[in-house]
Amino acid sequence: MAPTQHIVRSYDTELEQVDRHILAMGGLVEAQLRGAMEALVEGDREIAQRVIESDTQIDEHEHQVDELVTRVIALRQPMAEDLRRVKTGLKVAANLERMGDLAANIAKRSLVIETPHQVPQREALRRLGNAVYGMTTDVLNAYRDGDAALAQRVWRQDESIDEMYNAIFLAILADMIADPRVISPGTHIHFVAKNIERIGDHATNIAEMVTYMILGSLPDRERPKGSSVQGAEEQP
Amino acid sequence: MKEATTSASSVSVRHAHSGVAMPTKVHARDVTVHYGDKQALFNVTMDIPANSVTAFIGPSGCGKSTFLRCINRMNDTIDICRVGGTITVDDQDIYDPKLDVVQLRARVGMVFQKPNPFPKSIYDNIAYGPRIHGLVRSKSELDGIVESSLKRAGLWKEASERLNEPATGMSGGQQQRLCIARAIAVSPEIILMDEPCSALDPISTAHIEELIDELRENFTIIIVTHNLQQAARVSQMTGFFHLGKLIEFADTGELFQSPQNSMTEDYITGRFG
């Protein structure tokens, strides 16, 4: 990712190791998110189990990133781009770990719903899931390729994700009012939608950090936010 | 906030102090230095803030020490050296032919790479400057200056019982603090430091760095260092020199986190060359 190499080559090796763990984590999170959505909309219980189990691998990678970054800070005293890179690595890993937890939670909820036909707003959920999956893939590519423009595109998408989530929330609410039998699956599905939206928030955080890593400054305006639903404002 | 300005558009200059900006103490415009036919410094332009620590970094031979030595006209001592451009201290042109260089060097003190105490007692090392500059009228006044200089240099506790012992008997770190005390004794406005810690161990270095931080309340300090971490630790502004040019001059925190120039970036991250 760096334009030129360090005079001390083992320094490059250490930074590359950080990247490798992050990209491995990213790949696992992508697979988790895709699997969790499939488990939910297709009712595939086996995939749901796999998604839940892969969480420990993600945790292990995060632990490795933590150790490596601490070591680099202690032994190399990184500066400038190197400093931004390890700081970003640490934050990206923490965000990916949370994204994995949220995907695992979606998979767990999919197991509670008996058939996928019970899922209210199934198509809208699929669209939300696909959009957030796309953001996740893009932001990981931006990290891998040092592509600030792509990171900033991801960062701007957060607004449309918030709007999609709000629309789903209102639709589920309407479904539940119309038919009380929807209340039980609807409650789970609302949590699922919120989890997907939160995964999008984490992808946006990563986009911010990747922009900072590459350009040395954060994106230059306040992050766009979708209109909030009464009583459903984002938790900090 | 005061904006640093420069006529050399190729140099990135940024001030990002969140607090009150310091007035400019040293104002350098298009400073050039030639050693015979060889040009060592190219149009260096910068404003060095008062009561701050400004660090110069850059690879060997980049001109940082050459520029430092322009500020108290130490380059005058080299026959083949010619200095161009203007340097003012508090708006006074220090290359004005009417200016008394001895007086200038009392205003702009210097501490060198290797501690260089005179082969005299600790007391006489400090008393030397005030005596030759005629700053004292009595022994008790001189005693007072020796004590206060040693105190300000953090050396009083270690030195007060051995003022008449030879300074060369002190440890390297103590000798360097003695040299700083000697510089302070003539009440300079600016202290130039050329690699003051390169011959010292980490503990002595920490003492000097703590001292530099305390001294900036009363003095303007300009330090040349090869130790990037030291520049980052002690300074508020940092200038990066390369091949005789000032490449970037910025707030130290910004320069070490997000340098604007790719040469600065490569140098401070160890990718140079």
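Descriptive notes on the structure:
- In the stretch A:9-48, the residue that is least open to solvent (accessible area, probe 1.4 Å) out of those that are within 14 Å of chain B (Cβ to nearest Cβ) and in contact (Cβ under 8 Å) with a residue 24 or more places away in the chain is A:LEU15.
- Count of residues meeting criterion [within 7 Å of chain A (Cβ to nearest Cβ), outside any helix (DSSP H, G or I) and either open to solvent by less than 10 Å² (accessible area, probe 1.4 Å) or among the β-branched types (Val, Ile, Thr) (or both)] in the stretch B:232-270: 1
- Selection within the stretch A:110-128: residues that are open to solvent by less than 50 Å² (accessible area, probe 1.4 Å) and in a helix (DSSP H, G or I). The member of this set that is farthest from B:GLY270 (Cα to Cα) is A:PRO116.
- Residues (hydrophobic (A, V, I, L, M, F, W, C) and under 24 Å from B:GLU248 (Cα atoms)) located in the stretch A:65-85: A:MET79, A:ALA80, A:LEU83
- Assessment of the stretch B:153-165 against the conditions (over 30 Å from B:PRO23 (Cα atoms) and basic (Lys, Arg)) yields at least one matching residue.
- Residue within the stretch B:85-99 that is free of Cβ contacts under 8 Å to residues at least 12 places away in the same chain and of a type in the set (A, V, I, L, M, F, W, C) present: yes
- The residues listed here are A:GLN17, A:GLN49; of these, the one that is of a type outside the set (D, E, K, R), farther than 23 Å from A:VAL92 by Cα and out of contact with any Cys (no Cβ under 8 Å at 6 or more places or on another chain) is A:GLN49.
- The residue list A:VAL72, A:VAL65 contains one member that is part of a helix (DSSP H, G or I), open to solvent by less than 10 Å² (accessible area, probe 1.4 Å) and away from chain B (no Cβ under 13 Å), which is A:VAL65.
- Residue in the stretch A:91-101 that is farthest from the other protein chains (Cβ to nearest Cβ), counting only those that are within 27 Å of B:ILE268 (Cβ to Cβ) and crowded, with 20+ Cβ neighbours inside 10 Å: A:ALA93
- Pick from the stretch B:133-169, criterion touching a Pro at 6+ places or on another chain (Cβ under 8 Å) and not in a loop (DSSP other than H, G, I, E, B), ranking: surrounded by the most Cβ atoms within 10 Å (Cβ to Cβ): B:ALA167
- Test: residue in the stretch A:129-151 that is of a type outside the set (Gly, Ala, Ser) and in a loop (DSSP other than H, G, I, E, B): yes
- For the stretch A:17-38, the criterion of being outside any helix (DSSP H, G or I) and among the acidic types (Asp, Glu) is satisfied by no residue at all.
- Matching option when the condition is at negative phi, of a type in the set (Val, Ile, Thr) and modelled with pLDDT of 95 or more, among A:VAL29, A:VAL41: A:VAL29
- Residue check, B:LEU192 away from chain A (no Cβ under 12 Å), surrounded by fewer than 21 Cβ atoms within 10 Å (Cβ to Cβ) and either within 24 Å of B:LEU155 (Cβ to Cβ) or touching a residue at least 24 places away in the same chain (Cβ under 8 Å) (or both): no
- Flag for B:VAL53 being surrounded by 16 or more Cβ atoms within 10 Å (Cβ to Cβ), at pLDDT 95 or above and in contact with a Leu (Cβ under 7 Å, 6 or more places away or on another chain): no
- Given (1) of a type outside the set (Phe, Trp, Tyr); (2) buried (at least 21 other Cβ atoms within 10 Å of the Cβ); (3) under 19 Å from B:GLU217 (Cα atoms), index of the condition B:VAL186 fails: (2)
- Some residue of the stretch B:170-187 being closer than 25 Å to B:ILE71 by Cα, assigned to a helix (DSSP H, G or I) and among the small types (Gly, Ala, Ser): yes
Quick grid of which residues meet (1) open to solvent by 30 Å² or more (accessible area, probe 1.4 Å); (2) in contact with a strand residue (DSSP E or B) (Cβ under 7 Å, 6 or more places away or on another chain); (3) not hydrophobic (A, V, I, L, M, F, W, C):
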residue: B:THR77; (1), (2), (3): yes, no, yes
residue: B:CYS81; (1), (2), (3): no, yes, no
residue: B:ASP91; (1), (2), (3): yes, no, yes
residue: B:ILE94; (1), (2), (3): no, yes, no
residue: B:PRO97; (1), (2), (3): yes, no, yes
residue: B:ASP100; (1), (2), (3): yes, no, yes
residue: B:ARG105; (1), (2), (3): yes, no, yes
residue: B:GLY109; (1), (2), (3): no, yes, yes
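- Residue within the stretch A:154-167 that is without any contact (Cβ under 8 Å) to a residue 12 or more places away in the chain and more than 14 Å from chain B (Cβ to nearest Cβ) present: no
The values are calculated or read from the model by the stated rules, or taken from the named source; none is laboratory data. Quick caveat, the model's predicted, so the values are computed rather than measured. Reconstructed Cβ throughout: ideal geometry from the backbone, glycine too, with neighbour counts over all protein chains shown. SASA here: full protein model, heavy atoms, side chains in, ligands and nucleic acids out. Shrake-Rupley method; radii C 1.70, N 1.55, O 1.52, S 1.80 Å.
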